[in-house]
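All of the numbers you see were taken from the coordinates with simple rules; none came from a lab. Please read all numbers here as calculations on a predicted model, not as lab measurements. Here the Cβ is made from the backbone with ideal geometry for all residues, glycine too, and neighbour counts use every protein chain on show.
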Amino acid sequence: MQDMPPSPRLALACFLALIFAASLSGADLGEFSRATDVGEPKRGGAAVFDTAQARYRVTGGGKNMWFTNDALHFVWKQVSGDVTLSADITFEGKGLDPHRKACLLVRQSLDSDSAYADAALHGDGLTSLQYRETTGAMTREIQSAVKGPTRLRLEKRGRYVSMSIARNGGELEPAGGSFRLELDEPFYVGLGVCAHNDDAPETAVFSKVELTVNPPPNPTPRLLSTLETVVIASKDRRVVWWTTNKIEAPNWSPDGVSLLFNGQGRIHRIPVAGGEPQPIATGFAVRCNSDHGISPDGTQLVISDQSQGDRRSRIYTLPIAGGVPKLVTQQAPSYWHGWSPDGKTLAYSAERNGEFDIYTTPVGGGRETRLTTSRGLDDGPDYSPDGQFIYFNSERSDGMQVWRIDADGSNPTQITRDEASNWFPHPSPDGKWLLILTYAREVTGHPENKDVSLRLLDLATGRIEVLATLFGGQGTINVPCWSPDSKRVAFVSYQTR
């Protein structure tokens, strides 16, 4: 009787055994030194370097690369300093799980709970910059707005990691977003595959691999601004849009559909889901700064503009769809920050006689009321959702801290007391959280291009947790930026590349 051909599953098992043995025997791995399973996948992985075609065929098992532990097959070498790693990536076959991952990685160690970052292409085309900031911490991600790129690049420069992507064989371009990751030297860099199904290994091919250690600095660095959102529950970030122009200070529309931001003196609107921003007509006001917002009923826009002859900021209102600005504050400089929940009053920071204090005025204009009188800077006022309080930042105590007053200016109460410089407190619409922009203690003012954190203060318990770490500052969250359901926050991060 004629012999039956071996089953596909048996053939795959034999193939994996052969190439796994090859990887352990010191076979040529091109740019890399070793191939290792991380996290004890049920089925061992393997890697083969095709010298003729200069490509890596990597097979990996493992349940996931997420939460506090990873399981994957990793092709690696140890390096020190800055590093960039680029590759064209394709999966073999349809695969069994849409979340299978082919990654470009940097890792502190080969332990499953190691600090790491990766540029990860998923089986369904989702592309994310994923990271675990410290050993055993939870994994977070910055999702790209682009699905299914053909080429990825992971870049670690100093304490920041970023990702670039190329669509349909085009040129690499920034994916937007970056984060701080501090790795001791040497650390590991390489290629990884995780099946996301411990019973069925998956294979990816990495071609045109380029690994550069300590690349020379860009002789003409450019600023990159990224508009992002972050989910409060998971702390995962998503890129909405990026640009090489300076943009600042997103507002979230009350219907949850759009984001507003300022850039190049104008106010722009963009869908939260992504797309191209469109300018809002603001008439003569073409020097709008980062202090703008939307009325509680969503019908009006408030801007702070310095187009008039003295170039000092004044507050105006206009229809949300655009129109002719109406002057609210005669005196300058005045910088809007908060709109009372009943829609009747504006809160703002203003300099009068050399002192910056918190003021309010009717939306239609009129006499302004001074709410704070302490010496030193008071800034960033924003109303609580019930209208009872106004939160603001002040240097009246030791350093810049968050304070609260009653809406009439009475009963000043200090909210934060820590070794940090805390700015622009924004209460969530449900009244549970206070979002804060935090600098290092020694930083004065709210400058741009600094290491900062977005932090959440639980208003019931006083507990503070880090929501995101980024390169930013001025322009990141100057104005109210919560989603109307209190589940997400919008912000701008920056990179110099």
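Compute the Cα gyration tensor for segment 313-364, then decide on rounded, prolate or oblate, letting a ≥ b ≥ c be the square roots of its eigenvalues: rounded whenever a/c is under 1.5, prolate when a/b is larger than b/c in the other cases, and oblate in all that remain. Please report the intermediate quantities before stating the final value.
Values: a/c = 2.58, a/b = 1.49, b/c = 1.73.
Taking the square roots of the gyration eigenvalues as a ≥ b ≥ c, segment 313-364 is oblate.
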Karplus-derived HN-Hα couplings along segment 51-68 (A = 6.51, B = -1.76, C = 1.60, θ = phi - 60°), whole Hz, x at Gly and Pro: 5, 5, 9, 6, 9, 10, 10, 10, 10, x, x, x, 6, 5, 10, 5, 6, 9
How high is the relative contact order of the chain, given as a whole-number percent (alpha carbon pairs under 8 Å, six or more residues apart)? 11
May I ask you to list the GluC sites (Glu not before Pro) in segment 76-181 that are in a DSSP loop and have at most 10 other Cβ atoms within 10 Å of their Cβ? E171
Just to check, using Stokes-Einstein with a Kirkwood Rh over alpha carbon pairs, what's the diffusion coefficient of segment 269-360 at 37 °C and 0.692 mPa s in µm²/s? 239
Which log10 I(q)/I(0) values does segment 223-496 give at q = 0.13, 0.14 Å⁻¹ under the Debye formula, counting every alpha carbon as one identical point scatterer? -0.78, -0.93
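If you wrap a convex hull around the alpha carbons of segment 103-176, what volume per residue comes out, as a whole number of Å³?
On the way: hull volume 6.5 nm³, N = 74.
About 88 Å³ per residue, rounded to a whole number.
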Compute the helix-to-body angle for 8-24: its Cα long axis versus the longest principal axis of the chain, expressed 0 to 90° and rounded to tens. 80
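Which value does Rg/Rh take for segment 183-283 over its C-alpha atoms, Rh per Kirkwood?
Numbers: Rg = 20.0 Å, Rh = 18.0 Å.
Answer for segment 183-283: 1.11.
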The ³J(HN,Hα) series, computed from each phi in segment 37-48 with the Karplus coefficients 6.51, -1.76 and 1.60 at θ = phi - 60°, rounded to the nearest Hz and given as x for glycine or proline, is 6, 10, x, 6, x, 4, 10, x, x, 7, 9, 10
Taking mean projected area of the Cα convex hull in nm² straight from the coordinates, which label in (1) 26.8; (2) 24.5; (3) 30.1 is the correct one? (1)
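For segment 8-213, what class follows from the C-alpha gyration tensor (a ≥ b ≥ c being the square roots of its eigenvalues): rounded when a/c is under 1.5, otherwise prolate if a/b is larger than b/c, else oblate?
Working: a/c = 1.36, a/b = 1.29, b/c = 1.05.
It comes out rounded by the Cα gyration axes.
I want to verify the translational diffusion coefficient of segment 292-429 in µm²/s; compute it with Stokes-Einstein, Rh as the Kirkwood radius over Cα pairs, at 10 °C and 1.306 mPa s.
Details: Rh = 15.1 Å.
Using the Kirkwood radius from Cα pairs, D works out to 105 µm²/s.
Counting other Cβ atoms within 10 Å, keep those with at most 12, restrict to DSSP loop, and tell me which GluC sites (Glu not before Pro) in segment 407-464 are left. List each step's numbers first, then the result.
Working: sites: E419, E442, E448; in loops: E419, E442, E448.
Taking segment 407-464 and a limit of 12 other Cβ atoms within 10 Å, the loop GluC sites (Glu not before Pro) found are E419, E442.
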Report the Cα centroid-to-centroid distance between segment 442-486 and segment 264-332 in angstrom, as an integer. 23
Scalar couplings 3J(HN,Hα) for segment 181-197 by Karplus 6.51 cos²θ - 1.76 cosθ + 1.60 (θ = phi - 60°), nearest whole Hz, x for Gly and Pro, are 9, 9, 10, 6, 9, x, 10, 9, 9, x, 10, x, 9, 10, 6, 6, 8
